[in-house]
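The values are calculated or read from the model by the stated rules, or taken from the named source; none is laboratory data. No experiment lies behind these values; they were computed from the predicted model shown. Heads up, the Cβs are rebuilt from the backbone with ideal geometry, glycines too, and the neighbour counts pull from every protein chain shown. Just the protein is used for accessible areas: all its heavy atoms, side chains included, with ligands, DNA and RNA removed. Shrake-Rupley method; radii C 1.70, N 1.55, O 1.52, S 1.80 Å.
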Amino acid sequence: MLSLKVVFIAALAEALVLPKSLSSISLEGCLKGLPHGQSIGSVANVTITSGGLLRYYLISIPPTYHDEIPTPAILSYHGGLRTAESQLQLDELTNPEFNTNSFVIYPQGINDVWQGVPNVTINDVQFTADILDHVQKQYCIDPTRIFATGKSDGAGFCNVLACDKTMSSRIAAFAPVSGAFYIDTLPCAPDEVQIPCSPSRHDIPFLEFHGGNDSTINYHGGERKQECLPSIPHFIQQWAVRDGLSLHNVTTPISSNTVSYKYGSGVNFGLVEHVYDAVIGHDWPSTAPNSDNQAAGHHIASFNATPIILEFFKQHPLSLWDILAEI
Ligand SMILES: *[C@@H]1O[C@H](CO)[C@@H](O)[C@H](O)[C@H]1NC(C)=O
Ligand SMILES: *[C@@H]1O[C@H](CO)[C@@H](O)[C@H](O)[C@H]1NC(C)=O
Ligand SMILES: *[C@@H]1O[C@H](CO)[C@@H](O)[C@H](O)[C@H]1NC(C)=O
Ligand SMILES: *[C@@H]1O[C@H](CO)[C@@H](O)[C@H](O)[C@H]1NC(C)=O
């Protein structure tokens, strides 16, 4: 039986005679079974052409997937000089203890880096749009529940997507970890630097995690690779401003050493959030050993980022208004 949501969105799409620009709310992939050779609960490696280049991504098909139920999808971008496969090992988004109902898509960067890193000229925004077009044709993906996370350079790329006119209304919410948010300007004033950003809506859910002992992407920002990294408090406050929220935050302890700062009030409470762990380094926060926190001088965190990210995504689907605003 078709889920109500498919029927509803399909009816709505028909009633509105959707313009081509709204092709992103397609449910074309529903009721199609899985692509040949793929199975529920496994990971597939898919090659597509984007910008004239052969590119690939890994996709984890959730164990609860049914092709008649629109299913959330999370894009997870690896850190610089890491790979799609290493990100799958790191982020725990495919760990059934945390997630059994969302697709997780792991794009692979050319030369293992992303657009937004100084001197990278590859169009990874286009790559992301091409991946979404492709997966939305193959699987029953809920167009209101597409999300993005990533680590370090991959987290920086989440911000590139959130600041992009088209992708900001195609991706519902963003949760970068230890982000490298390069701005091409010098000299660098980390607490004041202007952050170019042109999203197409003003209610973008944004959650950033950062360690106070991050010696790769310093919490206080500064010059790096001949560009400017904003301080993380300035960076997150600018998201609050962009979303029309006050700079006041509600500070809540999450665990020893870790606090959450939430911006917004009423229905928008927590639309922008920052989780700060004073003692961890450039790591994906986890209470279990992972490839980040087992490096020399690093240690496990006092909390897990992954369930917080999943809960944040669950709370922040796109509304139909957000999608219609794209027209
Ligand atoms: C996925 O496929 C690409 C292209 O064939 C290959 O380079 C890569 O090693 C594969 N990755 C995994 C994890 O299978
Ligand atoms: C980026 O390219 C410019 C021009 O080629 C060069 O001067 C600069 O050193 C490069 N930056 C980095 C971080 O490699
Ligand atoms: C949150 O608010 C507290 C109390 O006003 C302030 O000390 C802190 O700097 C704020 N944090 C951020 C990240 O804005
Ligand atoms: C901070 O990181 C350095 C290595 O970069 C490490 O030697 C030190 O022990 C760390 N401090 C804490 C509190 O974990």
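Things to note:
- Number of residues in segment 289-306 that are open to solvent by 40 Å² or more (accessible area, probe 1.4 Å) and either free of Cβ contacts under 8 Å to residues at least 12 places away in the same chain or of a type in the set (Gly, Ala, Ser) (or both): the value is 7.
- Scan of segment 44-62 for residues that are outside any strand (DSSP E or B) and surrounded by fewer than 14 Cβ atoms within 10 Å (Cβ to Cβ), ordered by number: GLY51, GLY52
- Pairs with Cβ under 8 Å, 6+ apart, first in segment 223-246 and closer than 22 Å to ASP203 by Cα, second open to solvent by 60 Å² or more (accessible area, probe 1.4 Å) and hydroxyl-bearing (Ser, Thr, Tyr): ALA240/SER246; LEU245/SER265; SER246/SER265
- The one condition in (1) open to solvent by 10 Å² or more (accessible area, probe 1.4 Å); (2) within 13 Å of ligand 1 (Cβ to nearest atom) that GLU97 fails to fulfil: (2)
- In segment 63-111, the residue that is farthest from ligand 2 (Cβ to nearest atom) out of those that are part of a helix (DSSP H, G or I) and more than 17 Å from the chain's Cα centre (by Cα) is ILE110.
- Residue match in segment 77-92 (condition: open to solvent by 40 Å² or more (accessible area, probe 1.4 Å) and in contact with a Leu (Cβ under 6 Å, 6 or more places away or on another chain)): no
- Residue check for VAL241: at negative phi, surrounded by fewer than 19 Cβ atoms within 10 Å (Cβ to Cβ) and within 14 Å of ligand 3 (Cβ to nearest atom): yes
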